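Since every read-out is calculated from the coordinates, none of them should be taken as a lab result. Bear in mind the structure is a predicted one, so any value in this text is a computation, not a measurement. Reconstructed Cβ throughout: ideal geometry from the backbone, glycine too, with neighbour counts over all protein chains shown.
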Amino acid sequence: MTAARPPTTAEELRGAGLRVTAARVALLETVRAGGHLGVEAIASQVRDRIGHVSLQAVYEALHALTAAGLVRRVEPAGSPARFEGRVGDNHHHVVCRSCGAVADVDCAAGEAPCLTASDDHGFVIDEAEVIYWGTCPACTTAHRSAAP
Ligand SMILES: [Zn+2]
Ligand SMILES: [Zn+2]
């Protein structure tokens, strides 16, 4: 009898029906470790791990992993897409208007759609995307100390 061990990243990729490549493994591990990284930051960290990978390859891998549900794409209006490894819990995000910092906010209901539309217009609604906008603590402090 073997003790249960968590699946390796490669096994997770295979389990999601994806071809396993060094770039995809490095990318998934980078995204999971990184919080909410943009494509450029992900590409540079993947290169640190496995050497040169084109930005195009990073985009393609992100697309495949997002489609497979291993990675979630967050795209606050007016800022570039971010990617995260926390999937499946319908959490929301708070975004700083000043510096673009992103943090997770747990979903109150725990599953989508967490908000009931006041009028669904006959649509079958499966998601409510909630983004809280504000000013992060660092920017609030910076703003206060800049004030006269
Ligand atoms: Zn900020
Ligand atoms: Zn998140």
In order through the stretch 32-46: 3J(HN,Hα) via Karplus (6.51 cos²θ - 1.76 cosθ + 1.60), integer Hz, x for Gly, Pro:
5, 7, x, x, 10, 8, x, 4, 4, 5, 5, 4, 6, 6, 5
Which distance in nm do the two modelled labels at A57 and H121 give, with both placed 7 Å along the Cα-to-Cβ direction?
4.3
Expressed as a fraction of 2.2 N^0.38 Å, the rule-of-thumb size for a compact globular protein of N residues, what is the C-alpha radius of gyration of the chain?
1.25
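Contour minus end-to-end for S98 and R86, with contour as 0.36 nm per residue of separation and end-to-end as the Cα-Cα distance? Before the final figure, lay out each step's value.
Values: separation 12, 0.36 × 12 = 4.32 nm, distance 2.43 nm.
This chain segment gains 1.9 nm when fully extended.
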Taking the Cβ-Cβ separation of A3 and E29 as r and a Förster radius of 25 Å, what is the calculated FRET efficiency to the nearest 0.05?
0.65
Among bridges DSSP assigns within the stretch 88-148, what percent are antiparallel (round to 5)?
50
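Residue separation times 0.36 nm, minus the C-alpha to C-alpha distance between W133 and V105: what's the value? It would help to have the intermediate numbers written out before the result.
Details: separation 28, 0.36 × 28 = 10.08 nm, distance 1.17 nm.
The W133-V105 span can extend by a further 8.9 nm.
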Per principal axis, largest first, the Cα atoms of the stretch 1-87 extend in Å by 53, 28, 21
Percent relative contact order for the chain, counting Cα pairs under 8 Å at least six residues apart, stands at 17
